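Report on one structure; see the data block that follows.
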Amino acid sequence: MRMATTLSMAVLAAAGVGHAVVTSLDTGIDRVDPFKDMKNRPSGGDGMNVLLVGTDGRDKITEQERRKYRLGGAPCHCTDTIMIVHISADGDRASIVSLPRDSYAEAPAHTDRNSGEKHKAHPIKLNAAYAEGGPNLTVRTVEHMTKVKIDHYLEVDFTSFMKTVDVLGGVEICTASPMKDSYTGLDLAAGKHHLSGGEALQYVRSRHIDGAADLGRMQRQQRFLAAVIAKATSSGVLLNPVKFRNVTRTILGSVRADKSFGTDEMLDLGRAMRGFTPASSEFTSVPIGEMGYMVKGIGSTLKWDPERSEKLFQALRDDKPLAPLRKKRKSVLVDVAPQQIRVQVANGTDVSGLGGRVDKALRKTGFRTTGAPKDAPAVKRTLVEYDPRWDRSARSLATALPGCELKAVKGQGGTLQVTAGPDFKQVRSVRAEDIHQGEFGVVTGDQVVCGK
């Protein structure tokens, strides 16, 4: 997320701040050569692919910050975050794909940068590629796994993240349910929060909030990046040369990039993306086929779904959008995604076809309806019946049916029943923070930032 913030600033500001300011950014970046001696690389396609790598370096964090935000422990000198950012050829879209750090990977033959030992191709966890072979092996491994040609490389460590967020004036995050992680100290009630740098660091690092672990953390990182883009494009911070210079000075000490990502590339990219908004960004993670895939000497890994991941990376190679086309609709945030809720619809009125209309409207907003509404005894008001064990799902469904009555029915099971009453008018569009849309579980930036 530190490097994602860096990218958004470089890209979004370049068109408005002038050549001199961007040149100062260029000259301040520490350069690496991740493409040295690389052969048999994938063919390039339309658009631009940037590999964003965040390492766990924390050398410049003060002792007070280390204690307050629970940043103790020695860094593993591996990649904490790995993302491919694809900028479309027309500059109208950014597709951000998170690669889980525990992904099962096959590292090509290489020389260990620490011991000098020559290694044959062998299996590793994806985040270990950096520890063994630095930026070069990381790029080679990602290209080998995805068949996507990486055009540029950006790397940032832990240290400047908090100051960068503070210089931006903080970032607004919304959560439908409380979030608490005893490891990072994160403790957020449900609702809207304005996060300072330290709190934002806790938010993007937390992976012990629920059973989703690192996959849930990647979703929070994506939501945070969408919030950064929203803040950057709406506040004017990055279009003001003085403010932009203050931001860049904060982050220059931690950025590393390939030699060819310079002033001209930043300016061209910025000009192409003048109208960039959160809705222009789309976020997803590589589809996982097998959780807990055990590998001797490595342990538990995440194995990608071969067919779905290939379709995802083919879309990047073809410069195609990942998110399905949709009409813009305002949605209310709920705790449980409608895609996870099974619903049986019944008609509790003498209005012919009402059950079918309710079933269709609920399915349109994401609920897993049976598609076969039935008749039921008359009710005066729309009724949602649910097993008490599924009370969170019931509240999410009730949000989509304003004014409905909730009734707990022990032993009903996991399918909720909606009996439409004469008061029914319409289904309200709802979504969850972990909403899944389309084949790859894609969300766009405007879906995950706080509403007005």
Inset, instruction - Output the qualifying pairs, or none if there are none: Cβ atoms under 9 angstrom, residues six or more apart or on different chains, first residue in region 359-370 and free of Cβ contacts under 8 Å to residues at least 24 places away in the same chain and farther than 10 Å from Ser429 by Cα, second residue open to solvent by 10 Å² or more (accessible area, probe 1.4 Å) and among the hydroxyl-bearing types (Ser, Thr, Tyr). - result: Asp359/Thr369; Asp359/Thr370; Lys360/Thr369; Arg363/Thr369
Legend entry - Residues of region 89-133 satisfying the condition of being in contact with a His (Cβ under 8 Å, 6 or more places away or on another chain), over 17 Å from Pro306 (Cα atoms) and of a type in the set (Asp, Glu): Asp112, Glu132
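Would region 324-335 turn up any residue that is modelled with pLDDT of 90 or more and open to solvent by less than 60 Å² (accessible area, probe 1.4 Å)? I'd like the intermediate steps shown before the answer.
Here is the first cut: in region 324-335, the ones modelled with pLDDT of 90 or more are none.
No, every residue in region 324-335 fails to be modelled with pLDDT of 90 or more and open to solvent by less than 60 Å² (accessible area, probe 1.4 Å).
Can you give me the number of residues within region 341-383 that are among the hydrophobic types (A, V, I, L, M, F, W, C), open to solvent by 50 Å² or more (accessible area, probe 1.4 Å) and within 37 Å of the chain's Cα centre (by Cα)?
Filtering region 341-383 for residues among the hydrophobic types (A, V, I, L, M, F, W, C) gives 341, 343, 345-346, 351, 354, 358, 361-362, 367, 372, 376, 378-379, 383.
This time we only want the ones that are open to solvent by 50 Å² or more (accessible area, probe 1.4 Å), so: 351, 372, 378.
Still in the list and also within 37 Å of the chain's Cα centre (by Cα): 372.
Here the count works out to 1.
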Legend entry - Residue under evaluation Asp90, criteria (1) touching a Pro at 6+ places or on another chain (Cβ under 6 Å); (2) of a type outside the set (A, V, I, L, M); (3) modelled with pLDDT of 65 or more, criterion not met: (1)
Legend entry - From Gln339, Gln314, Gln412, residue being polar (S, T, N, Q) and modelled with pLDDT under 90: Gln339
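Return the only residue of Ile96, Ile84 being open to solvent by less than 70 Å² (accessible area, probe 1.4 Å) and modelled with pLDDT under 90. Full working, then the answer.
Details: Ile84 fails: modelled with pLDDT under 90.
Only one candidate passes the filter, namely Ile96.
Take region 101-121 and flag every residue that is buried (at least 17 other Cβ atoms within 10 Å of the Cβ) and either among the hydroxyl-bearing types (Ser, Thr, Tyr) or over 30 Å from the mean Cα position of the chain (by Cα) (or both).
We begin by selecting, within region 101-121, every residue buried (at least 17 other Cβ atoms within 10 Å of the Cβ); these are 101-105, 107-108, 110.
Those that are buried (at least 17 other Cβ atoms within 10 Å of the Cβ) and either among the hydroxyl-bearing types (Ser, Thr, Tyr) or over 30 Å from the mean Cα position of the chain (by Cα) (or both): Ser103, Tyr104, His110.
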Inset, instruction - Working carefully through the options Leu137, Leu195, Leu154, find the one that is under 16 Å from Tyr69 (Cα atoms), open to solvent by less than 10 Å² (accessible area, probe 1.4 Å) and of a type in the set (A, V, I, L, M). - result: Leu195
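The values are calculated or read from the model by the stated rules, or taken from the named source; none is laboratory data. As the structure is a prediction and not an experimental result, all values here were calculated from the model. For neighbour counting, all protein chains shown are included, and Cβ atoms are generated from backbone atoms with ideal geometry for every residue, glycine included. Just so you know, the surface numbers come from the protein's heavy atoms only, side chains and all, with ligands and any DNA or RNA stripped out. Shrake-Rupley method; radii C 1.70, N 1.55, O 1.52, S 1.80 Å.
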